[in-house]
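Working notes, beginning with the structure itself.
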Amino acid sequence: LEHLQLPPGQAGAAWFYTGNRPDCPRHRHREIECNLVISGRARYLLPQRSIDLQPASTVWLFPGQEHLLVDRQADFRMWIVVWSPALVARLCDG
């Protein structure tokens with residue numbers, strides 16, 4: 001599992017992703033992830049299928065789920081939000 005660098009003392013993070021970043025290899029991590037596509041198109045490759053991304057798409061990636069972002073258009077933009085397992089457990093325990 002990849003270890004995501006969450007801000008110190010934080011149980012989650014959000015960042016704005018642009019399509020002009022270097023390719024990220026196929027990976028998986030222990031955090032739950034949600035992506036909200038703002039513009040452009042791309043595709044996620046998962047072990048058993050692929051998901052086409054377009055504006056207004058929302059994708060949930062679950063802990064340990066392998067994924068790879070490919071075929072990004074130059075104008076591809078999305079928000080990425082991740083939550084640690086501890087935060088999810090704490091919120092769901094109430």
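The values are calculated or read from the model by the stated rules, or taken from the named source; none is laboratory data. Nothing here was measured: the structure is a model prediction, and the numbers come from that model. Note that we place each Cβ from the backbone using ideal geometry, even for glycine, and neighbour counts take in every protein chain shown. Surface accessibility is based on the protein's heavy atoms, side chains included, excluding ligands, DNA and RNA. Shrake-Rupley method; radii C 1.70, N 1.55, O 1.52, S 1.80 Å.
Each row is one residue, and each column tells you yes or no for (1) among the polar types (S, T, N, Q); (2) under 14 Å from the mean Cα position of the chain (by Cα); (3) farther than 17 Å from Arg77 by Cα.
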{"residue": "Gln10", "(1), (2), (3)": "yes, no, yes"}
{"residue": "Ala14", "(1), (2), (3)": "no, yes, no"}
{"residue": "Tyr17", "(1), (2), (3)": "no, yes, no"}
{"residue": "Asn20", "(1), (2), (3)": "yes, no, no"}
{"residue": "Cys24", "(1), (2), (3)": "no, yes, no"}
{"residue": "His27", "(1), (2), (3)": "no, yes, yes"}
{"residue": "Cys34", "(1), (2), (3)": "no, yes, no"}
{"residue": "Val37", "(1), (2), (3)": "no, yes, no"}
{"residue": "Gly40", "(1), (2), (3)": "no, no, no"}
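Return the residues of the stretch 62-88 that are within 28 Å of Gln10 (Cα to Cα), open to solvent by 60 Å² or more (accessible area, probe 1.4 Å) and not acidic (Asp, Glu); say none if nothing qualifies.
Phe62, Pro63, Arg77, Trp79, Trp83, Ala86 - these are the residues of the stretch 62-88 that are within 28 Å of Gln10 (Cα to Cα), open to solvent by 60 Å² or more (accessible area, probe 1.4 Å) and not acidic (Asp, Glu).
What's the total number of residues in the stretch 40-49 that are in a strand (DSSP E or B) and either under 21 Å from Gln5 (Cα atoms) or open to solvent by 30 Å² or more (accessible area, probe 1.4 Å) (or both)? Steps first, please.
Step one: filter the stretch 40-49 for residues in a strand (DSSP E or B), giving 42-45.
Right, trim to either under 21 Å from Gln5 (Cα atoms) or open to solvent by 30 Å² or more (accessible area, probe 1.4 Å) (or both) and you get 43, 45.
Selection size over the stretch 40-49: 2.
Quickly run through the stretch 1-32 and pick out the residues that are more than 15 Å from Val59 (Cβ to Cβ), assigned to a loop (DSSP other than H, G, I, E, B) and of a type in the set (Asp, Glu).
Answer for the stretch 1-32, where residues must be more than 15 Å from Val59 (Cβ to Cβ), assigned to a loop (DSSP other than H, G, I, E, B) and of a type in the set (Asp, Glu): just Asp23.
Listed here are the residues, each with its yes/no results for (1) of a type in the set (Ser, Thr, Tyr); (2) part of a strand (DSSP E or B); (3) surrounded by fewer than 16 Cβ atoms within 10 Å (Cβ to Cβ); (4) modelled with pLDDT under 95.
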residue	(1), (2), (3), (4)
Cys34	no, yes, yes, no
Val37	no, yes, no, no
Ile51	no, yes, yes, no
Ala56	no, no, yes, no
Trp60	no, yes, yes, no
